[in-house]
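Here the structure comes first, spelled out in structure tokens, and everything after it is commentary.
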Amino acid sequence: MPDPRYARVVPDRSGQSAFDYEIPEHLLGKIWIGSRVRVPVRTRLLLATVVEVMETSEVEGLKPISEALSDKPLINPTLIQLGNWIASYYCCASHIALRAILPQVVRNSEVKAKQLLFARLDKKPDAEAFEQLARRAPKQAGVIDFLLGLSEPIALTDLMKECGVTRNTLEGMRDRGLIAIERQTVQRDPYSEENFIHAPQLEMNAEQVAAYERISAAVRSPELNRPILLHGVTGSGKTELYLRAIDLTLSLGKTAIVLVPEISLTPQTVERFKSRFANLQGEVAVLHSHLSDGERHDEWHKINNRVAKIVIGARSAVFAPLERLGLIVVDEEHENSYKQEDAPRYSARDVAVYRAHMENCAILLGSATPSMESYHNAMTGKYELLRLLCRVDDRQMPRIRIIDLRMEASRGPGASILSETLCKAIRERLEKKEQSILFLNRRGFSTSLICSSCGHVCECPNCSVALTFHRAASRIVCHICGHTAVVPSKCPACRDPRIKYSGAGTEKVEELAAAFFPGAVVKRLDADTVTRKDALKDALYAFRTGKIDILVGTQMIAKGLHFPNVTLVGIVNADMSLHLPDFRAGERTFQLLTQVAGRAGRGEVSGEVFVQTYTPFHPAIQFARHHDFPGFYEQELEFRRKTNFPPFSHMVLITLRSESESHAAFSADTLTRRVREALESGDLPADTVISNPAPAPIEKSHGQYRFHLMLRTARITRLSKSLFAILEKLTFPEEVIVTVDVDAFQLL
Ligand code: ADP
Ligand code: ZN
């Protein structure tokens, strides 16, 4: 086949589209899909990625590509194809999709492989010369002696330490031909300090055996099998199944990706995978947001160079450039954090399902509380459903008790935050030297400051939300934009000094717990206390080894953690997520209660969960209490069906924001009108439902006014395509920002 003569490229910073270029003579045979190139755009040279190569072009006089930046492509054709799918499904430009696939540190040519100077012996010195050296310069002879005992080159800095010599000495030795010094690339391994001990396979129980039979069939012949949804209660041993499935995948000469939500990508999780594959240390790559640019660069190249066979990572790991992909595992598939909230606004779970389909590999979605979307897919036969109904070793599911705060609140100060029933139960745990977890998904001390005299609430100047009082920092803080201010001593509106602090955050719970249980060690874990890289790890270690009696925390402690000695979990306020203006509020609350409850009773002693609420009879709470998954799904699905919400439709949320409220409102009206016209003229799928444009629930954020327009349809790809075309033709006032979120999760 002749070499392609033309290439379609997407500049890193172009508007919406791709452009064609000629491949000049000297680059023939050196440009592929995924090549990084420099191309002339008007008067400048821009970095770009090749997305297509062609033998002919209809256009004459195309400009030539200026330069090829590497001698091999950085993205394989499959990933390019995946990028195209993302662009069309999620209604974005293809270069936006490519940006997610090719990480910043790889595109950015400033981050490079790390190189260090290494020393080795060039040739063995003859005995006579060595003796002379030993007399004249014993330290130098020492260096030679040391190097003789090594089979590999040693880093110069290490050699200096080992032999007590200076760099000058070593360079002098090199100049005299005694040793050789050269640059070598070294791997920045985020886990190099740790020593993972091989953890053998566990004997599976009957439920696991049955599930594994189906999973292994899918890994062996993905073409004959559907995606698998593994619905296993908390503590049922799903991870063991993932590990075995990976083992099998590797034994077939293939590779595997494991996606974990960022928040549960804790040291504990990584350790479980690293330990099982301890003998393959270098073949396990880990990708998450706490890596330095250098580490991320190296982990990515380790994958791209086919060294890594297993990739564990958060959302973006779904794009890991593995070859011969045999398995993708999506753990906690219901997690919101799989959805990226910036463009491209993709769902890593859904991209994983599509990638698996494209690459003909097995896909395993696991959760104790599957999303309505996935569960519905299982019910309709699109996915295969596997269940693990029991905890391993037949450990009991924790007993869930509901505490009606309406009855408790009158009992005295603090009782509406930590009720008497809950306190009594914690006291019993303390006596038995068992541990407790108190969960509240809100940071800070008080959630608002209200003037007792005029009712003024201290709000963020940039956002339409109340400021939270953080006592440790002694500031009031906006949880949306991060704005902080000093705590007012009088009401800013009426100057009355009687300011009331209301609503509790984790700081307050910590303080109450310390006051109620003076002898106990209480520790708080949230984004305010976990600021250092190792703080979370240290705190979890202290908790696991029994140095903490009561752990207070946000969602940071809600998921994926395993503490055998925790026998009590208190959910301080179950209502918090229940009354949000979001059709998923019930689903989220049910999932959260079940997941948090799942932290209890993972050891020999069974656990108890206390759920404090003002709405004890809400279905999400009642079904969670009875561990009744099918019951909850059935009634929730019925509600979604009646209202035509996902999973019965796809939802597209368009946000228009601007510092000018009238410009944002006006633009929302214009867009709505245009979309309605398109529906009437048959340009949109006929089933499209268009809402009225309205101010978003959080009307103002980061100083911008926000308006929402919501569309629903069953035919999402068609809607996305039409919408893309409509938006390309419309012009809005310059400062109005329009974002399109397909299958939106964040509705506020
Ligand atoms: P899940 O992910 O379903 O919540 P895990 O995979 O974390 O559950 O398993 C819970 C605990 O049970 C872990 O400590 C795990 O090592 C252990 N475990 C899993 N399978 C078995 C088994 N077959 N026999 C004994 N222990 C097991
Ligand atoms: Zn703010």
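The values are calculated or read from the model by the stated rules, or taken from the named source; none is laboratory data. No experiment lies behind these values; they were computed from the predicted model shown. In this analysis, Cβ positions are derived from the backbone assuming ideal geometry, glycine residues included, and neighbour counts consider all displayed protein chains.
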Q. If you take the residues in segment 686-722 that are surrounded by fewer than 17 Cβ atoms within 10 Å (Cβ to Cβ) and assigned to a loop (DSSP other than H, G, I, E, B), which one is farthest from the chain's Cα centre (by Cα)?
A. A686
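Counting only residues that are away from ligand 2 (no atom under 16 Å from the Cβ) and within 29 Å of R706 (Cβ to Cβ), how many does segment 474-486 have? Outline the logic, then answer.
First pass over segment 474-486, keeping only residues away from ligand 2 (no atom under 16 Å from the Cβ): 474.
This time we only want the ones that are within 29 Å of R706 (Cβ to Cβ), so: none.
So the answer is 0.
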Q) Out of (1) of a type outside the set (A, V, I, L, M); (2) assigned to a helix (DSSP H, G or I); (3) crowded, with 16+ Cβ neighbours inside 10 Å, the odd one out for C390 is which? A) (2)
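Out of S367, S410, which single residue is surrounded by fewer than 19 Cβ atoms within 10 Å (Cβ to Cβ), away from ligand 2 (no atom under 16 Å from the Cβ) and among the hydroxyl-bearing types (S, T, Y)? Working first, answer last.
Numbers: S367 fails: surrounded by fewer than 19 Cβ atoms within 10 Å (Cβ to Cβ).
Answer to the check: S410.
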Q: Filter the strands (runs of 3 or more DSSP E) completely within segment 208-317 down to those with at least 2 residues that are more than 15 Å from ligand 1 (Cβ to nearest atom), in contact with a strand residue (DSSP E or B) (Cβ under 9 Å, 6 or more places away or on another chain) and among the β-branched types (V, I, T).
A: 255-259, 284-287, 310-313
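For the structure I just gave you, tell me whether A18 is modelled with pLDDT under 90, among the small types (G, A, S) and surrounded by 13 or more Cβ atoms within 10 Å (Cβ to Cβ). Please lay out each step first, then the result.
Working: modelled with pLDDT under 90: yes; among the small types (G, A, S): yes; surrounded by 13 or more Cβ atoms within 10 Å (Cβ to Cβ): yes.
Answer is yes for this residue.
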Q | Residues (more than 16 Å from ligand 2 (Cβ to nearest atom) and surrounded by 14 or more Cβ atoms within 10 Å (Cβ to Cβ)) located in segment 455-472 | A | H456, R471
Q.
Among the residues that make up segment 251-267, is at least one of them crowded, with 18+ Cβ neighbours inside 10 Å and among the acidic types (D, E)?
A. no
Q: Report, by residue number, each residue of segment 147-163 that is more than 14 Å from F118 (Cβ to Cβ) and in contact with a helix residue (DSSP H, G or I) (Cβ under 7 Å, 6 or more places away or on another chain).
A: C163
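Restricting to segment 442-454, name every residue that is under 26 Å from the mean Cα position of the chain (by Cα) and within 15 Å of ligand 2 (Cβ to nearest atom).
Matches in segment 442-454: R443, G444.
Would you check if there is a residue in segment 248-264 being more than 16 Å from ligand 2 (Cβ to nearest atom) and more than 19 Å from L364 (Cα to Cα)? Working first, answer last.
At the first step, the residues of segment 248-264 found to be more than 16 Å from ligand 2 (Cβ to nearest atom) are 248-264.
From what's left, more than 19 Å from L364 (Cα to Cα): 263.
Checked against the condition, which is being more than 16 Å from ligand 2 (Cβ to nearest atom) and more than 19 Å from L364 (Cα to Cα), segment 248-264 yields at least one hit.
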Q | Which numbered condition F196 fails, given (1) in contact with a helix residue (DSSP H, G or I) (Cβ under 6 Å, 6 or more places away or on another chain); (2) touching a residue at least 12 places away in the same chain (Cβ under 8 Å); (3) assigned to a helix (DSSP H, G or I) | A | (3)
Q.
modelled with pLDDT of 95 or more, within 23 Å of F516 (Cα to Cα) and either touching a helix residue (DSSP H, G or I) at 6+ places or on another chain (Cβ under 8 Å) or away from ligand 1 (no atom under 16 Å from the Cβ) (or both): which single residue out of A472, A425 fits that description?
A. A425
Q | Pairs with Cβ under 7 Å, 6+ apart, first in segment 385-398 and within 8 Å of ligand 1 (Cβ to nearest atom), second part of a strand (DSSP E or B) | A | L388/G232
(Q) Taking the criterion of being in contact with a Cys (Cβ under 8 Å, 6 or more places away or on another chain), modelled with pLDDT of 90 or more and of a type in the set (V, I, T), would at least one residue in segment 137-157 satisfy it? (A) no
Q) If you check F629 against the conditions, is it among the aromatic types (F, W, Y), within 16 Å of ligand 1 (Cβ to nearest atom) and at pLDDT below 95? A) yes
Q.
Need a quick list: strands (runs of 3 or more DSSP E) entirely within segment 394-458 having at least 1 residues that are over 22 Å from Y614 (Cβ atoms) and not hydroxyl-bearing (S, T, Y).
A. 435-439, 446-451
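Condition check ((1) part of a strand (DSSP E or B); (2) among the aliphatic types (A, V, I, L, M); (3) more than 24 Å from K302 (Cβ to Cβ)) across all residues:
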| site | (1), (2), (3) |
| --- | --- |
| I31 | no, yes, yes |
| V39 | yes, yes, yes |
| A48 | yes, yes, yes |
| V51 | yes, yes, yes |
| V59 | no, yes, yes |
| D71 | no, no, no |
| L74 | no, yes, no |
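Which count do you get for residues in segment 727-748 that are assigned to a helix (DSSP H, G or I) and either in contact with a Gly (Cβ under 7 Å, 6 or more places away or on another chain) or buried (at least 16 other Cβ atoms within 10 Å of the Cβ) (or both)? Steps first, answer last, please.
Taking segment 727-748 and keeping what is assigned to a helix (DSSP H, G or I), we get 727-729.
Still in the running and either in contact with a Gly (Cβ under 7 Å, 6 or more places away or on another chain) or buried (at least 16 other Cβ atoms within 10 Å of the Cβ) (or both): 727.
Residues meeting the conditions: 1.
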Q. If you take the residues of segment 329-350 that are of a type in the set (D, E) and more than 14 Å from R588 (Cβ to Cβ), which of them is surrounded by the fewest Cβ atoms within 10 Å (Cβ to Cβ)?
A. D342
Q) Between a first residue in segment 452-478 that is over 18 Å from D526 (Cβ atoms) and touching a residue at least 24 places away in the same chain (Cβ under 8 Å) and a second residue that is away from ligand 1 (no atom under 16 Å from the Cβ) and among the polar types (S, T, N, Q), which pairs have beta carbons less than 8 Å apart while being 6 or more apart in sequence or on different chains? A) C458/S448; N462/S701; C463/S701; S464/S701
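Can you find, within segment 475-523, the residue that is farthest from ligand 1 (Cβ to nearest atom) among those that are hydroxyl-bearing (S, T, Y) and more than 31 Å from the chain's Cα centre (by Cα)? Break it down stepwise before answering.
Restricting attention to segment 475-523, the residues satisfying the condition of being hydroxyl-bearing (S, T, Y) are 484, 489, 501-502, 506.
Next cut, more than 31 Å from the chain's Cα centre (by Cα) only: 489, 501-502.
On the way: S489: 49, Y501: 38, S502: 37 Å.
Among residues in segment 475-523 that are hydroxyl-bearing (S, T, Y) and more than 31 Å from the chain's Cα centre (by Cα), the one farthest from ligand 1 (Cβ to nearest atom) is S489.
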Q) Within the set of pairs 6 or more residues apart or between chains, which connect a residue that is under 13 Å from R174 (Cα atoms) inside segment 114-142 to a residue that is in a loop (DSSP other than H, G, I, E, B) and not hydroxyl-bearing (S, T, Y) with Cβ atoms less than 6 Å apart? A) F118/P153; R120/P153
Q) Any residue at all in segment 170-188 that is assigned to a loop (DSSP other than H, G, I, E, B), modelled with pLDDT under 85 and within 30 Å of H301 (Cβ to Cβ)? A) yes
Q.
For F439, only one of the following conditions fails: (1) surrounded by 16 or more Cβ atoms within 10 Å (Cβ to Cβ); (2) under 19 Å from A527 (Cα atoms); (3) within 16 Å of ligand 2 (Cβ to nearest atom). What is its number?
A. (3)
Q. Are any residues in segment 489-511 in contact with a helix residue (DSSP H, G or I) (Cβ under 9 Å, 6 or more places away or on another chain) and under 21 Å from C423 (Cα atoms), and if so, which ones?
A. A504
Q.
Looking only at segment 206-232, filter to residues that are under 22 Å from the mean Cα position of the chain (by Cα) and among the hydrophobic types (A, V, I, L, M, F, W, C); which one of those is farthest from ligand 2 (Cβ to nearest atom)?
A. I228
